[in-house]
Amino acid sequence: MSKVYKGVCFCGSISYEVTGPPILRAYCHCTNCQRLSGAPFVHTIHFPTAAFRWTHKQPNDDVLDSFVPPPKPYKNRYRCKKCGVCVASKNNLVGKTSVLGTHLERDEKGALVHWDDLKPTAHIYYDTHVVDINDGLGKWTGYENESEQIHT
């Protein structure tokens, strides 16, 4: 039986779940993630798009807004119309959907449930980082094991 990971936006209007093991778990330092989140990096987790589904009350148009970043017309970023939080990004080019680790289910102490399954294995797009991170994880110019590794 595959694990199910549940996520919500800040206000709880948007909810979703993804099933099965993640394809990628990383801290992303790309300029798009930086500018769209307002943070130096995000905890991104990629799944096959077929593993993702919305679980909030339908129709989506009432609560969900989408945005196509001009440099990447094959991507749709989805955000809550009420609180404005970006909850997922669908890459139509490769059939993957990414979610942010910070929106996934937490325990009573605030820690992510299923942390061992979701914890990042690398820093990606680290060549555009804005803060130095020294946590022992590999650093890459693009995706882990698909780009040049940065040795710091």
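The values are calculated or read from the model by the stated rules, or taken from the named source; none is laboratory data. No experiment lies behind these values; they were computed from the predicted model shown. Quick reminder, even Gly has a Cβ in these numbers, built from the backbone with ideal geometry, and neighbours come from all protein chains shown. SASA here: full protein model, heavy atoms, side chains in, ligands and nucleic acids out. Shrake-Rupley method; radii C 1.70, N 1.55, O 1.52, S 1.80 Å.
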*Of all residues in the stretch 29-61, how many are assigned to a strand (DSSP E or B) and surrounded by 14 or more Cβ atoms within 10 Å (Cβ to Cβ)?*
9
_When the residues of the stretch 126-152 are narrowed to those that are of a type in the set (Ser, Thr, Tyr) and in a loop (DSSP other than H, G, I, E, B), which ends up nearest to Ala26 (Cα to Cα)?_
Tyr143
*Based on what the data block shows, is Val8 open to solvent by 60 Å² or more (accessible area, probe 1.4 Å), touching a residue at least 24 places away in the same chain (Cβ under 8 Å) and under 14 Å from the mean Cα position of the chain (by Cα)?*
yes
*So how many residues does the stretch 67-108 have that are surrounded by 14 or more Cβ atoms within 10 Å (Cβ to Cβ) and in a strand (DSSP E or B)?*
18
*Restricting attention to the stretch 109-126, report how many residues are open to solvent by 20 Å² or more (accessible area, probe 1.4 Å) and either within 27 Å of Ala50 (Cβ to Cβ) or touching a residue at least 40 places away in the same chain (Cβ under 8 Å) (or both).*
9
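The rows are residues; the columns are (1) of a type outside the set (A, V, I, L, M, F, W, C); (2) farther than 15 Å from Gly7 by Cα.
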site: Pro48; (1), (2): yes, yes
site: Ala51; (1), (2): no, no
site: Trp54; (1), (2): no, no
site: Asp61; (1), (2): yes, yes
site: Asp65; (1), (2): yes, yes
site: Cys80; (1), (2): no, no
site: Ser98; (1), (2): yes, no
*Which pairs have Cβ atoms under 7 Å, sit 6 or more apart or on different chains, and link a residue in the stretch 81-101 that is modelled with pLDDT under 95 to one that is open to solvent by 70 Å² or more (accessible area, probe 1.4 Å) and part of a strand (DSSP E or B)?*
Val85/Arg79; Cys86/Arg79; Val87/Arg79
